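So the structure is just underneath, and the comments pick up after that.
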Amino acid sequence: MCGIVGLLIKNPALREQLGSLMVPMLIGMTERGPDSAGLAVFTAPLPQGRRKLSVFAGYVAGGDRYDWQELVSALNQDLHAKAQVEAKGNHGILSFAIEPQTVRQWLQGYQPLLKVFSAGRSIDLYKDIGTPAEVAARYGFADFQGTHLVGHTRMATESAVTPDRAHPFTAGEDFCLVHNGSLSNPYAIRRMLAPHGIAFDTDNDTEAATRFLEWRLREGDELKEALQKGFEVLDGFYTFLMGTPTELALIRDPFACKPAVVAESDDYVAIASEFRSLAHLPGVAHAHVFEPAPEEMYVWKV
Amino acid sequence: MSESKHIPQTAPQFSATFDPYTLSEIRRAAATGIYDIRGAGTKRKLPHFDDLLFLGASVSRYPLEGYREKCGTDVVLGTRFAKKPIHLKTPVTIAGMSFGALSAQAKEALGRGASIAGTSTTTGDGGMTPEERGQSKTLVYQYLPSRYGMNPDDLRKADAIEVVIGQGAKPGGGGMLLGQKISPRVARMRCLPEGIDQRSACRHPDWTGPDDLEIKILELREITDWEKPIYVKVGATRPYYDVALAVKAGADVVVLDGMQGGTAATQEVFIEHVGIPILAAIRPAVQALQDLGMHRKVQLIVSGGIRNGADVAKALALGADAVAIGTAALVALGDNDPHLEDEYRKLGSTAGAYDDWHEGRDPAGITTQDPELAKRLDPVQAGRRLANYLSVLTMEAQVIARACGKSHLHNLEPEDLVALTLESAAMAQVPLAGTGWIPGKPL
Amino acid sequence: MESLIFDLAATPLREINQFLHQEAPARSGLQVTIENPNGAHAIAAGLNAPVQVTIDGHAGYYAAGMNQHASVTITGSAGTGVAENMMSGTVHVQGFASNAAGATAQGGLLVIDGDAGLRCGISLKGADIVVGGSVGSFSAFMAQAGNLVILGNAGEALGDSLYEARIFVRGTVASLGADCEEKPLGEAERAILADLLQRAGHGDLDPASFRCYGSARTLYHFHVDNAGAY
């Protein structure tokens, strides 16, 4: 059970403030999710030939001072990957000019305790245990710039409080999802996906939903088609907020037990579990504030 | 020479699968088209406290003398946030049972008995009666999904508030009070028409999940000016997660009800097939509290099948702070008493097996709203019997604690116990008697 | 009339509620305004005296929860469970209300000018609710007594498992829940509706433009042919 937040900046002049507007949103959801927090930010895409991975070194001893440069040197030496890294403590955004799958396999051999949190041309993902304020300060969320992001604060239900079980969850490239609620058939979904060669990193119910929807997108569904299939397959209570390089999308289950509020103005679309996370936004008093309806698909484009 | 041969016949044999009880249930279902509804708790044989034994003191440890050397039994509940925690003389409390399920006389008797014994009683679905408040020194007010009879004046009159998420007899389900028990007074308290079946909701109407529960608890605290302890009651199913989430949501006390816990009325299939025995639930619950650093800071009350002082001592040794009794308290009041055998026969049952509590025809005057039947229960005498019984539970637990060398019941610990069976050893996480082996753990 | 302003951005909620519970009742006719609510929860919950409170902005969960006697106005929107279990008094939401507005309320009047979310008036136990806009699905679920008036449209499963509450709808109903049926809008119903419309500031509307719904009472006693509705 959790708090979810999302922010999409419409007014280009505000894109420098993406992170600083978001941090109070995340902190506002501390009571709903005191265990851990995370954020996926969508940046301008890398050139077609390049990809990036968000890599977490927190499971490696001394991971807070992880030597990312050494990793880049080794990667370039072994695979001529033209790799670069942008590091913040135990998180490194590793970009390169070869297949992401090749790099993932290489990382396994290089340091099996490294976790890949996201992959794509646009997504950067940070998540860790701690209160939202601690996690935001740890990775400098307030400085993030860009068009849109998806954030989450977690109160763990049935899986442990660990960095990799925090949200957002990702699957494939440039797709992430955060969840408030709990699914009642996550294991059936896992078993349904396994024969399609889909593997799971955690025992978290949200990962099942993320991989299901990404699988549908990869099979050629439009986002709305994939979400419609989600309504048919995913049982339980959920509000999902999803991010792609060009969109934020939101759905609530038919019972809409888990809350969500949207504030939309000419400058931004802001989404949170509760209004208290939106109250600080500039001009929110004049924004269109509403609650998304159950079983409706809300998609906002950048 | 012809000889008439006697050929031995095989005796008629009932199927163990389709036993006579099962056959009668199939016939009943076929005739009526409704699932069986009944009161009381599970009747099947379950792993229980019986399979645990205490290691009394001997040479390596020394016992306390009875009577002379003090063995404390008091408990304080709700020390985490509430300005006015609950102080009880015994860790045996009375579980929530509703006016509606029980007669006003029975509720009054519970209050009288608990007050003499220095412990608390608890309201149930349907609200607080003046009889109950008047006779209960310490009264816990249940806050339930149905909110029948929920009144902020009563909330403020209570000594503690128990947010009920589920109960052991039917975790995930709502109640069902059949029309026979919706008397004019019950109907008025619940805002229902008289005599109709009353269905209780399974989920709270205005919150779902621990993140919202935290806000609900905040509201209850604000309304009662942060004075009263807030309990959260769950039926035992996934106790590790449920207890951890109740703590994260801000509970002062967690009440964990095993599947042996009773009910006034619910589907038999629920009673017998949903939830886990209390023996299996305590250790994960305590583990959750320990993992959060909250064991003994958030108190744990366990219930479901507590019958004697040994059960009390065993529950406390496994890590609970207190226990609650329901069915046993009703028996102490006079429920299912053999002196009423003729009347139980007329109802197609027998003393000790009567469980049609939902029908309201209880000859003991306890699980009924029939004024003539209810009058049969003298609240003063019945209260005295309950007080006596509570006293015995407490003294029995003390006897065991002293034998284990403890000067307070709360100093009992899992290492004072061994198990007779593999299953109880695994569930209670104590070694099989005579060995050091706990199933699932390395030697 | 005496008036007081609290700023929730500067004064803790506990202090404001404590004042409303313990000091306001002695100051008859007191008008309290709470500024910068910013979605905080349990604002003005548990009031038990005829004070007047204005929450100037958006309120979080359980605003004016369990209200008794007080008159509370929320100038913005209200979160989940506004006026839940209200006993008496009036709560007026000038914006929209989230889920479970007026849940289990036993008395008093809840007026919502905008839309209400799902489960509006769930388990209603005698209070009156007037919604200027539309209500979400499962509204008046298991409602036992009282009146739910909807000027706009109703979502799915309106009045599911209804007991003796009345529902009045001016717009469309997506679907009726189990055991909810349309009833004739008789003289008595018209009078009740006219009074509620008047009190909610919609006195200009003709009660005859509403349809009335109530319990078909087929679930009051178990019957095997209705088992699917349980």
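The values are calculated or read from the model by the stated rules, or taken from the named source; none is laboratory data. What you are looking at is a predicted structure, and each value in this text was computed from that prediction instead of being measured. When we count neighbours, we look across all protein chains shown, and the Cβ atoms used for this are built from the backbone with ideal geometry, even at glycine.
Among the residues of the range A:29-50, those that are away from chain B (no Cβ under 14 Å) and surrounded by fewer than 23 Cβ atoms within 10 Å (Cβ to Cβ) comprise A:43, A:44, A:45, A:46, A:47, A:48, A:49, A:50. Whenever a residue of the range C:14-41 is among the small types (Gly, Ala, Ser), its partners that are assigned to a helix (DSSP H, G or I), lying with C-beta atoms within less than 9 angstrom and at least six residues away or across chains, give the pairs C:39/A:28; C:39/A:275; C:39/A:276; C:39/A:277; C:40/A:276; C:40/C:13. I'd like the full set of residues that are of a type in the set (Ser, Thr, Tyr) and within 14 Å of chain B (Cβ to nearest Cβ), limited to the range C:58-91. C:61, C:62, C:80, C:88 - these are the residues of the range C:58-91 that are of a type in the set (Ser, Thr, Tyr) and within 14 Å of chain B (Cβ to nearest Cβ). Would you check if residue B:185 is under 24 Å from residue C:81 (Cα atoms) and modelled with pLDDT under 95? So residue B:185 fails the test. Please enumerate the residues belonging to the range B:310-332 that are touching a strand residue (DSSP E or B) at 6+ places or on another chain (Cβ under 9 Å) and assigned to a helix (DSSP H, G or I). Those that are touching a strand residue (DSSP E or B) at 6+ places or on another chain (Cβ under 9 Å) and assigned to a helix (DSSP H, G or I): B:310, B:311, B:312, B:313, B:314, B:315, B:316, B:317, B:329, B:330, B:332. For the range B:45-89, a residue qualifies if it is in contact with an Asp or Glu (Cβ under 6 Å, 6 or more places away or on another chain) and of a type in the set (Gly, Ala, Ser), and the qualifying residues are B:78, B:82. Filter the range C:156-174 down to residues that are surrounded by fewer than 24 Cβ atoms within 10 Å (Cβ to Cβ) and among the small types (Gly, Ala, Ser) and give me whichever is farthest from the chain's Cα centre (by Cα). So the residue we want is C:174. Looking at the range A:1-28, which of its residues are in a strand (DSSP E or B), touching an Asp or Glu at 6+ places or on another chain (Cβ under 8 Å) and within 14 Å of chain B (Cβ to nearest Cβ)? Those that are in a strand (DSSP E or B), touching an Asp or Glu at 6+ places or on another chain (Cβ under 8 Å) and within 14 Å of chain B (Cβ to nearest Cβ): A:2, A:3.
Residue-wise test of (1) more than 16 Å from residue A:91 (Cα to Cα); (2) touching a Cys at 6+ places or on another chain (Cβ under 8 Å).
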residue	(1), (2)
A:40	no, yes
A:45	yes, no
A:51	yes, no
A:54	no, no
A:65	no, no
A:68	no, no
A:71	no, no
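In this structure, is residue A:188 touching a residue at least 40 places away in the same chain (Cβ under 8 Å) and more than 18 Å from residue A:3 (Cα to Cα)? When the stated conditions are applied, residue A:188 does not pass them.
Applying the set (1) buried (at least 22 other Cβ atoms within 10 Å of the Cβ); (2) within 24 Å of residue B:37 (Cβ to Cβ); (3) touching a strand residue (DSSP E or B) at 6+ places or on another chain (Cβ under 9 Å) to residue B:213 leaves exactly one unmet item: (2). For the range B:236-258, residues that are in contact (Cβ under 8 Å) with a residue 60 or more places away in the chain and surrounded by fewer than 24 Cβ atoms within 10 Å (Cβ to Cβ) total 2. Taken together, the residues in the range C:92-114 that are away from chain B (no Cβ under 14 Å), free of Cβ contacts under 8 Å to residues at least 40 places away in the same chain and either of a type in the set (A, V, I, L, M, F, W, C) or outside any loop (DSSP other than H, G, I, E, B) (or both) amount to 4.
Any residue at all in the range C:22-36 that is closer than 22 Å to residue B:213 by Cβ and within 25 Å of the chain's Cα centre (by Cα)? There is no residue in the range C:22-36 that is closer than 22 Å to residue B:213 by Cβ and within 25 Å of the chain's Cα centre (by Cα).
For the range C:216-227, the criterion of a residue being surrounded by fewer than 17 Cβ atoms within 10 Å (Cβ to Cβ) and more than 14 Å from every other protein chain (Cβ to nearest Cβ) is satisfied by no position. Only residues that are assigned to a loop (DSSP other than H, G, I, E, B), in contact with a helix residue (DSSP H, G or I) (Cβ under 9 Å, 6 or more places away or on another chain) and surrounded by fewer than 24 Cβ atoms within 10 Å (Cβ to Cβ) were counted in the range B:121-145, giving 2. Checking each residue in the range B:74-96 for being surrounded by fewer than 16 Cβ atoms within 10 Å (Cβ to Cβ) and either at pLDDT below 95 or assigned to a strand (DSSP E or B) (or both) picks out B:76, B:87. Being closer than 20 Å to residue A:2 by Cα and either touching a Lys or Arg at 6+ places or on another chain (Cβ under 8 Å) or not charged (D, E, K, R) (or both) narrows it down to one residue among A:193, A:241; which is it? Exactly one of A:193, A:241 is closer than 20 Å to residue A:2 by Cα and either touching a Lys or Arg at 6+ places or on another chain (Cβ under 8 Å) or not charged (D, E, K, R) (or both), namely A:241.
Against the test of being small (Gly, Ala, Ser) and either on the phi > 0 side of the Ramachandran plot or within 12 Å of chain C (Cβ to nearest Cβ) (or both), the options A:194, A:279, A:199 yield a single qualifying residue, A:279. Within the option set C:43, C:55, being more than 7 Å from every other protein chain (Cβ to nearest Cβ) and not in a loop (DSSP other than H, G, I, E, B) holds for one residue only, C:55. For the range A:283-302, taking the residues that are assigned to a loop (DSSP other than H, G, I, E, B) and free of Cβ contacts under 8 Å to residues at least 40 places away in the same chain, the one that is nearest to the other protein chains (Cβ to nearest Cβ) is identified as A:291. Are any residues in the range B:187-212 more than 10 Å from chain C (Cβ to nearest Cβ) and either touching a Leu at 6+ places or on another chain (Cβ under 8 Å) or among the hydroxyl-bearing types (Ser, Thr, Tyr) (or both), and if so, which ones? Correct list: B:210 only. Determine if the range A:174-186 includes at least one residue that is part of a helix (DSSP H, G or I), touching a Ser or Thr at 6+ places or on another chain (Cβ under 7 Å) and of a type in the set (Asp, Glu). There is no residue in the range A:174-186 that is part of a helix (DSSP H, G or I), touching a Ser or Thr at 6+ places or on another chain (Cβ under 7 Å) and of a type in the set (Asp, Glu). Selection over the range B:132-179 of residues that are within 10 Å of chain C (Cβ to nearest Cβ) and among the hydrophobic types (A, V, I, L, M, F, W, C) gives a count of 4. For residue A:271, the conditions (1) under 19 Å from residue A:31 (Cα atoms); (2) hydrophobic (A, V, I, L, M, F, W, C); (3) within 11 Å of chain C (Cβ to nearest Cβ) are fulfilled apart from (3). Taking the numbered list (1) surrounded by fewer than 15 Cβ atoms within 10 Å (Cβ to Cβ); (2) outside any loop (DSSP other than H, G, I, E, B) in turn, residue A:61 passes all entries but (2).
Set side by side, the residues A:260, A:226 differ, and just one is within 14 Å of chain B (Cβ to nearest Cβ) and either over 16 Å from residue A:272 (Cβ atoms) or in contact with a Pro (Cβ under 8 Å, 6 or more places away or on another chain) (or both), which is A:260.
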